[in-house]
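The values are calculated or read from the model by the stated rules, or taken from the named source; none is laboratory data. A quick note: this is a predicted structure, and the numbers were derived from the prediction, not measured. Here the Cβ positions follow ideal geometry from the backbone for every residue, glycine too, while neighbour counts run over all protein chains shown.
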Amino acid sequence: MRLRAFTLIELLAATALAGVLMVGVLGVITSLGRTKQQMRLLEDGAPTPHIERFLDLLRLDLTHGELTGHFRGQGPIEIAGHGGLDPRALTITHRPASIVYGVRELGGALWLVREQTLLDEPTNRRTTTALVLRGVSAVALTPGDLAEPLSNPSAQGAAPPNAGHPSPSSSLQSEGAYTLILTWSDTSSPPFHHVIHLD
């Protein structure tokens, strides 16, 4: 009577399948650990890598431009200047541009987006939209370092610090510091507060 055993091909296939399953399990564990770490950083008020990239981009736009219009301290954030970016390489081109940071609903989720319109194309002005942060329900940017930031910039009737006191000019120069507040669509996450200092 012959005893049936596994062939070499079956053993190799089983080893390969086990390796694939192990890679999947390790990926899930790593993702969960990263999510917990990011939530911990948000609770501590420290920016995550995604927010860090957004802060660098906003700082670059403010350095090469100025806030436009009668600014009230609440989104959207409108900037005009020479901070036009190459949409593919994300490198500054110093082309005149109008930049708007606002909240849009895409695919059933709220996103903070950056819309850029180059102003040196008088006949064919194209607007490029870049996704910046997912899960943002409101954004607020106020000149200066606020000691007591807005707790909910999207709340109706919330008066910004400069309400009733228009700026002396039609635009606010991008100098000094700005207080940024992000409110998340997940109400269990506290608002993110950060002071942006321009060099």
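Return the residues of region 185-199 that are within 25 Å of Gly144 (Cβ to Cβ), exposed (fewer than 15 other Cβ atoms within 10 Å of the Cβ) and of a type in the set (Val, Ile, Thr); say none if nothing qualifies.
Val195 - this is the single residue of region 185-199 that is within 25 Å of Gly144 (Cβ to Cβ), exposed (fewer than 15 other Cβ atoms within 10 Å of the Cβ) and of a type in the set (Val, Ile, Thr).
I want to confirm something. Restricting to region 65-78 and keeping residues that are touching a Leu at 6+ places or on another chain (Cβ under 6 Å) and at pLDDT 60 or above, which single residue is nearest to Gln116 (Cα to Cα)?
Top of the filtered list is Ile77.
So is Met39 more than 34 Å from the chain's Cα centre (by Cα), modelled with pLDDT under 60 and either part of a helix (DSSP H, G or I) or not acidic (Asp, Glu) (or both) or not?
Criteria not met by Met39.
Does Gly81 count as in contact with a Pro (Cβ under 9 Å, 6 or more places away or on another chain) and either among the small types (Gly, Ala, Ser) or modelled with pLDDT of 90 or more (or both)?
Yes, satisfied.
Suppose we keep only residues that are modelled with pLDDT of 80 or more and surrounded by fewer than 10 Cβ atoms within 10 Å (Cβ to Cβ) within region 1-14. Which one would you say is farthest from Leu182 (Cα to Cα)?
Thr7
May I ask you to say which residue of Ser167, Ser151, Ser174, Ser189 is in contact with a helix residue (DSSP H, G or I) (Cβ under 7 Å, 6 or more places away or on another chain) and modelled with pLDDT under 50?
Ser174
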